[in-house]
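Remarks on the structure that follows.
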Amino acid sequence: MDSSISSSASVASIKFKCFDPKNPSSTANNHSPRSFSTSSPTCRDPGNGFMGNFINTEPKIVTGPTGYVLEDVPHLTDYLPGLPTYPNQLQDNPAYSAVKQYFVNMDDTVAQKIVVAKDGPRGTHFRRSGPRQKVYFESDEVHACIVTCGGLCPGLNTVIREIVCGLHHMYGVHKVLGIEGGYRGFYSRNTISLTPKVVNDIHKRGGTILGTSRGGHDTSKIVDSIQDRGINQEIRRRGLKVAVAGIPKTIDNDIAVIDKSFGFDTAVEEAQRAINAAHVEAESVENGIGVVKLMGRYSGFIAMYATLASRDVDCCLIPESPFYLEGEGGLYEFVEKRLRENGHMVIVIAEGAGQELLAGKNEQDASGNKQLQDVGLWISQKIKNHFAKTKKLPITLKYIDPTYMIRAIPSNASDNVYSTLLAHSVVHGVMAGFTGFIVGPVNGRHAYIPFHRVVETRNQVVITDRMWARLLGSTNQPSFLDRQDLIADKIEEAPQTPSTNGDKKEETFTPLENGNSHSAPKAAEAK
């Protein structure tokens, strides 16, 4: 019996006549080569691609005592019972001879919420990643294939390299195919053979050696091409065996559940170069302003972490925190105040911030993402026009947009190690027969997460969280939130506990000028 596993941005497959479970005579001796695929998808397109075949499937939920919930991932045996298993090759691998524990216990899970109350429920868990004692593929029969899609991200080539090397060195899989140009490469028949020698140095380069594209693919054509080629990657809706696995890719770090996405650390580190350049330019002239636009379509993590790491930023604007330009507490007022205090300032703005203030059409790219206008150029011109009109201060403004420089560079040491762990985790998962999952760290432990969980929501900066408060404290910028909204939010969030001490003064929250809050007695507030 044959089997296949595919993933959303890198897909693996094998050449042979596809085995149809409804027609056992479709393969000689009912025994054909097995294949699986791995990938690094952008998990924002639930209706498209191979991932779409799993989004609408019923979740596998396992419950236990004390509120334990396991959101499990599909397995080949869920719909193909009786598949044969084989001993894991790692137990005979010389490199692992010193490892005390080869395999992960099948019952090991990773908690999504690590901080819980003593008497509270244990909460949601995910299956822990890692090698299993039994695998569902024979190494010499596997033809794997990888495809990369979406935008570029530091670490893509490292992921490709480590999938190829992991398959080769850990499981003895020597036939790996690369699909060129994204999903369209399946039916345009652009492929290259990937070996450890071919991918040996690719981690030192930016981009992806396979090429990429956004959207525009035809899933039916992809499946037709796979069947025509004899590549064993069946789609479930055709009644064929299917397995899908992915490594989530987005430089914005906005994928739900996982701790972070690969390439994010590199992006933050590279952003420092642009911020430093803006700071040098700004402080070298009288009333100098440096504006840096960073990536962050819907989530401002790169801007926030780059600001915190730099310590040279005076104002950070992100999509999650609306801001306004004119009037008391607005951006213009803050810019003027900071220039009078320091003689220069640096503004970091995420590409998705302030889009509601710009007039324009809501067009979409091939992947369905809203096409954003250049908010960095817009805000730079607005600041110039304001000070030219009011004639309060003569300013010199420099605008820096390092977007494509940041995402096109090779990954740094941290992301290289991280990409290796992701690649190995997904290889272990598909060899063990799991499917329909992405892999990533949850509270520091790598886990297998069902596709539907990472497309339900988007990870965003919480502007009522301590990390954003740390940024406000670092830049000393206004929160740009309405004072009455802050008061209402604090009253709503305050614990409703009755007072047990009649002599204790009742306290309430009062917003400070910079948007932070402190508690003060009502008696003092009345004065």
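The values are calculated or read from the model by the stated rules, or taken from the named source; none is laboratory data. Being a predicted model, the structure only gives us computed values, none of them experimental. Every residue, glycine as well, gets a Cβ built from its backbone with ideal geometry; the counts of neighbours run over all protein chains shown. Just the protein is used for accessible areas: all its heavy atoms, side chains included, with ligands, DNA and RNA removed. Shrake-Rupley method; radii C 1.70, N 1.55, O 1.52, S 1.80 Å.
Each listed q (0.14, 0.15, 0.18 Å⁻¹) maps to a log10 I(q)/I(0) for segment 253-352, found by the Debye formula over equal Cα scatterers with no solvent: -0.54, -0.61, -0.84.
Taking all protein chains together, Met405, Met304, Met467 sort by accessible area into Met405, Met467, Met304, largest first [probe 1.4 Å]. These residues, Leu339, Leu177, go from largest to smallest accessible area, 1.4 Å probe, as Leu177, Leu339. Seen from Phe126, the other residues with C-beta closer than 10 Å to its C-beta sum to a net charge of +2, counting Lys and Arg as +1 and Asp and Glu as -1.
In this view, the solvent-accessible surface of His386, computed with a 1.4 Å probe and all protein chains in place, comes to about 40 Å². Taking 7 Å steps out from each Cα toward its Cβ at Arg311 and Tyr96 produces label points 4.5 nm apart. Accessible area per residue for segment 286-414 is 45 Å², calculated with a 1.4 Å probe on protein heavy atoms, without ligands, DNA or RNA. Pairs over the 19 Å Cα-Cα cut-off, from the set Lys204/Lys260; Lys260/Lys293; Lys100/Lys175; Lys337/Lys389: Lys204/Lys260; Lys260/Lys293; Lys100/Lys175.
Sorting Asp78, Asp252, Asp140 by accessible area (1.4 Å probe), largest first, what list results?
Values: Asp78 85, Asp252 10, Asp140 115 Å².
Result of the area sort, largest leading: Asp140, Asp78, Asp252.
The heavy atoms of Lys398 present about 90 square angstrom of accessible area, all protein chains included, probe 1.4 Å. Note on segment 57-148: with charges restricted to the Cβ of Lys and Arg (+1) and Asp and Glu (-1), its dipole about the Cα centre is near 480 debye. Charge tally for Ile302 (other residues, Cβ to Cβ under 12 Å; Lys, Arg +1; Asp, Glu -1): -2. Put the Cα centre of segment 142-189 next to the Cα centre of segment 271-322 and the gap is 35 Å.
Hey, what does the equivalent ellipsoid look like for segment 288-331, semi-axes from the Cα gyration tensor as sqrt of 5 times each eigenvalue, largest first, whole Å? Don't skip to the answer; put the middle values down first.
Working: eigenvalues 67, 43, 16 Å².
Result for segment 288-331: semi-axes of 18, 15, 9 Å.
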